[in-house]
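S.K.: Take a look at the following structure, please.
The values are calculated or read from the model by the stated rules, or taken from the named source; none is laboratory data. Because the structure is a prediction, the values reported are computed rather than measured. Reconstructed Cβ throughout: ideal geometry from the backbone, glycine too, with neighbour counts over all protein chains shown. Ligands, DNA and RNA are stripped out before the accessible areas are found, and what is left, the full protein with its side chains, is counted by its heavy atoms. Shrake-Rupley method; radii C 1.70, N 1.55, O 1.52, S 1.80 Å.
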Amino acid sequence: MRVLTVGVFALAGLIFFTSFNTAKGTNIRTDASLLKLSDLIQERSHKNGGLDESNGSLRRDVEALAERDDGSTRAEDDKLAALENRAGTQKLKGDAITVTLDDAPPNATAKLPGYPEPQPDYLVIHQQDLQAVVNALWQGGAKGVKVMDQRLISTSAVRCVGNTLILQGRVYSPPYKIQAIGDPGKLKQSLADSKAIQNYMVYVNVYGLGWNVADDSTVTLPGYSGTVDLHYAKPVE
């Protein structure tokens, strides 16, 4: 028994020495095993993107099966197609504009007299800036809106954490591109009339936040391919 005890302590000592020699005084778990939070977010965002594509493929398969003779009338099929278009689940083609927002240069200074030197908060795109553009485009009669590479639907939420956009489970960094199909003149006028965007333009002119509105030729927006399930809180039983 005494020999066995000595052997256990000797083995433990060898393990501790090997661990210390490998670590060289550093924390092995922290330095080698712990992923940065940003890396984890990007990994999950990439995974969600793949799941969206898979879900979209399955949805197309289901729609193809549904197109077979199911006993529905032409009027019922037309009504369903109209609902799908309004829901944003089908591709949409038409004239469009693209709005691009971007952070200001990190070394930006006030370009006009009477304004204070910028705080870091002044130089980045915020959630309300993106929401203001999306809301103005809808108000201007947009038939469909795409933010980055995702089509918006009625349950889409444009949210920012820090200076990154989180949209439908995926993460994006600036510059942010928002594309809308509709009457280009009405869309641009609605942007110009928005009080929130007028306030944003002050920061564009003073501190150099990015802003660009461009006319597009005829484009095709993708149909929304993500989940449409609603998640909500439930009382504890």
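S.K.: Quick check on my filter: what residues within the range 146-164 are open to solvent by 40 Å² or more (accessible area, probe 1.4 Å) and assigned to a loop (DSSP other than H, G, I, E, B)?
M.R.: M148, D149, S154, T155, G162, N163 - these are the residues of the range 146-164 that are open to solvent by 40 Å² or more (accessible area, probe 1.4 Å) and assigned to a loop (DSSP other than H, G, I, E, B).
Listed here are the residues, each with its yes/no results for (1) more than 16 Å from D129 (Cβ to Cβ); (2) in contact with a His (Cβ under 7 Å, 6 or more places away or on another chain); (3) modelled with pLDDT of 95 or more.
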site	(1), (2), (3)
Q168	yes, no, no
I181	yes, no, yes
G185	yes, no, yes
K188	yes, no, yes
V202	no, no, yes
V213	no, no, yes
Y224	yes, no, no
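S.K.: How many of the residues making up the range 165-198 are polar (S, T, N, Q), buried (at least 19 other Cβ atoms within 10 Å of the Cβ) and either under 8 Å from the mean Cα position of the chain (by Cα) or part of a helix (DSSP H, G or I) (or both)?
M.R.: 2
S.K.: Shifting gears a bit: Collect the residues in the range 199-237 that are assigned to a helix (DSSP H, G or I), open to solvent by 50 Å² or more (accessible area, probe 1.4 Å) and touching a residue at least 60 places away in the same chain (Cβ under 8 Å), keeping them in residue-number order.
M.R.: Of everything in the range 199-237, those that are assigned to a helix (DSSP H, G or I), open to solvent by 50 Å² or more (accessible area, probe 1.4 Å) and touching a residue at least 60 places away in the same chain (Cβ under 8 Å) turn out to be Y203, N205.
S.K.: Counting just the residues of the range 117-145 that are without any contact (Cβ under 8 Å) to a residue 60 or more places away in the chain, in a helix (DSSP H, G or I) and farther than 13 Å from I178 by Cα, which one comes out nearest to the chain's Cα centre (by Cα)?
M.R.: Filtering the range 117-145 for residues that are without any contact (Cβ under 8 Å) to a residue 60 or more places away in the chain, in a helix (DSSP H, G or I) and farther than 13 Å from I178 by Cα, the one nearest to the chain's Cα centre (by Cα) comes out as Q127.
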